[in-house]
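One structure is given here, and the rest of the page talks about it.
The values are calculated or read from the model by the stated rules, or taken from the named source; none is laboratory data. Note that the structure is a prediction, hence the values are computed from the model and not measured. For neighbour counting, all protein chains shown are included, and Cβ atoms are generated from backbone atoms with ideal geometry for every residue, glycine included. Ligands, DNA and RNA are excluded from the accessible area calculation, which covers all protein heavy atoms including side chains. Shrake-Rupley method; radii C 1.70, N 1.55, O 1.52, S 1.80 Å.
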Amino acid sequence: AYQKTGNTAKANAMRSELDTKYAENKFQKQIYNAVTGADKKQKQKVTEEYEKVYNLFIEGKFDEALAEKKIADSLYGTSYWTPQLLYIESIYHVHAKQDAEAIRSLNSLVELYPQEPIAEKAKTLIDVLGRRKEIEDYLAKLEIKRVEDTIVEVANARPLRPERVGTPLEQDTTRLLPKKLNNLDTNTTGRKPEVKVEGPVVKKDTVKAAVPTAFTFRVEAAHSVIIVMDKVDPVYVTETRNAFNRYNQANYSLRPVEINNQVLNDTTRLVVMSGFDNAAMALDYMKKVQAAAATQIVPWLPAGKYSFLVISGENLEVLKNQQNLAEYRQFHQQYMR
């Protein structure tokens, strides 16, 4: 109070008496931390340590992450745990089939952060893990029979030679030859006549279209929305796909969105969501999921680890072939506004 009213001398006297008579008392520590800023510095230091653990999990360095977290927990207890950290730790344990550890992390999340939206996801996952054996047994007992192709036996059917598959049996094969070869004289000597063919005969359907090497903008073409994930372990890429799949089923049931994972290179993976008739539809969808991602869909995923882009099928092939993500980002900035 003296500090607030500007009476510095009285404030110093009171603090000196507190330090002398009640050293290490919790009130003395509170005053000391408030005056020196030690508490704030400590909190920042510990937060950075747990953020390091968090990123180690996300990048798939699991052994290192678990070791670092064990050390930090022994020093600071549970005070600095975050719901995001607990959730990604549980996902790792689920992947490793360490269900007891996963449920322990999820229960801590629900207990410490009951009001957080991610707590509902944790409760759902706890329920699923509790029934894992039941679900796996059910799936194992499912009998999925493949429908066999129908085979019709024809009496006195002539066997097809491999080189004539696709050619009608009664067709006169001489019609398939160039005109110059149709009216050859019969050679009674048994020696094959010499025929000069000027250049190869190439069927149109055997010519492959050239693979595009540059990005092109065709607004009317079908487009996809891709989530570009940087240095994210496949465990969490899969969990991201699952999270968006659940969101799409709940919000876009009338327009199914196909979703799959693809690898761009050693450090970059893509979650590809397709099913949009044109660029405008894909762009509209992207803006909606961008707004919902951090709070509703993947609140456990660090913002710096993922980004969204709209892309056509042709441009996606160019991107995968050329590995020019920075160039496509510039293209996207120019055309996809």
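Working only within the stretch 17-47, note down all residues that are surrounded by 13 or more Cβ atoms within 10 Å (Cβ to Cβ) and charged (D, E, K, R).
Matches in the stretch 17-47: 19, 29, 39, 43.
Looking at 257, 318, 289, 272 in this structure, which one is in contact with a Gly (Cβ under 6 Å, 6 or more places away or on another chain) and open to solvent by less than 50 Å² (accessible area, probe 1.4 Å)?
Being in contact with a Gly (Cβ under 6 Å, 6 or more places away or on another chain) and open to solvent by less than 50 Å² (accessible area, probe 1.4 Å) holds for just one of 257, 318, 289, 272, which is 257.
Can you name every residue in the stretch 209-247 that is within 18 Å of the chain's Cα centre (by Cα), surrounded by fewer than 18 Cβ atoms within 10 Å (Cβ to Cβ) and of a type in the set (Asp, Glu)?
230
Identify, by number, the condition in (1) modelled with pLDDT under 85; (2) hydrophobic (A, V, I, L, M, F, W, C); (3) open to solvent by 60 Å² or more (accessible area, probe 1.4 Å) that residue 14 doesn't meet.
Among (1) modelled with pLDDT under 85; (2) hydrophobic (A, V, I, L, M, F, W, C); (3) open to solvent by 60 Å² or more (accessible area, probe 1.4 Å), residue 14 violates only (1).
Please name all residue pairs, on different chains or six or more residues apart, with Cβ atoms under 7 Å, provided the first residue is in the stretch 326-337 and is within 16 Å of residue 286 (Cβ to Cβ) and the second residue is open to solvent by 70 Å² or more (accessible area, probe 1.4 Å) and not basic (Lys, Arg).
What qualifies is 335/217.
Quick one: would you say residue 10 is farther than 21 Å from residue 234 by Cβ, out of contact with any Phe, Trp or Tyr (no Cβ under 8 Å at 6 or more places or on another chain) and in a helix (DSSP H, G or I)?
So residue 10 does not fit the description; no.
Taking the condition in contact with a helix residue (DSSP H, G or I) (Cβ under 6 Å, 6 or more places away or on another chain) and in a helix (DSSP H, G or I), does residue 30 pass?
no
Among the residues of the stretch 85-116, which ones are of a type in the set (Asp, Glu) and farther than 16 Å from residue 73 by Cα?
99, 111, 116
Please enumerate the residues belonging to the stretch 105-129 that are surrounded by 15 or more Cβ atoms within 10 Å (Cβ to Cβ), more than 25 Å from residue 292 (Cβ to Cβ) and not small (Gly, Ala, Ser).
Scanning the stretch 105-129 gives 107, 129.
Kindly indicate whether residue 67 is open to solvent by 50 Å² or more (accessible area, probe 1.4 Å) and among the aliphatic types (A, V, I, L, M).
Answer is yes for this residue.
For the stretch 71-82, state whether one or more residues are surrounded by 15 or more Cβ atoms within 10 Å (Cβ to Cβ) and under 23 Å from the mean Cα position of the chain (by Cα).
Among the residues of the stretch 71-82, at least one is surrounded by 15 or more Cβ atoms within 10 Å (Cβ to Cβ) and under 23 Å from the mean Cα position of the chain (by Cα), which makes the answer yes.
Any chance the stretch 137-160 includes a residue that's small (Gly, Ala, Ser) and at pLDDT below 50?
Yes, the stretch 137-160 contains at least one residue that is small (Gly, Ala, Ser) and at pLDDT below 50.
Say whether the condition of being under 28 Å from residue 239 (Cβ atoms) and aliphatic (A, V, I, L, M) is met by at least one residue in the stretch 40-48.
yes
From the list 284, 266, which one is outside any helix (DSSP H, G or I), out of contact with any helix residue (DSSP H, G or I) (no Cβ under 9 Å at 6 or more places or on another chain) and either modelled with pLDDT under 95 or open to solvent by 10 Å² or more (accessible area, probe 1.4 Å) (or both)?
From the options 284, 266, the qualifying one is 266.
Please name all residue pairs, on different chains or six or more residues apart, with Cβ atoms under 8 Å, provided the first residue is in the stretch 225-236 and is in contact (Cβ under 8 Å) with a residue 12 or more places away in the chain and among the charged types (D, E, K, R) and the second residue is crowded, with 20+ Cβ neighbours inside 10 Å and outside any helix (DSSP H, G or I).
Close Cβ pairs satisfying both conditions: 230/306.
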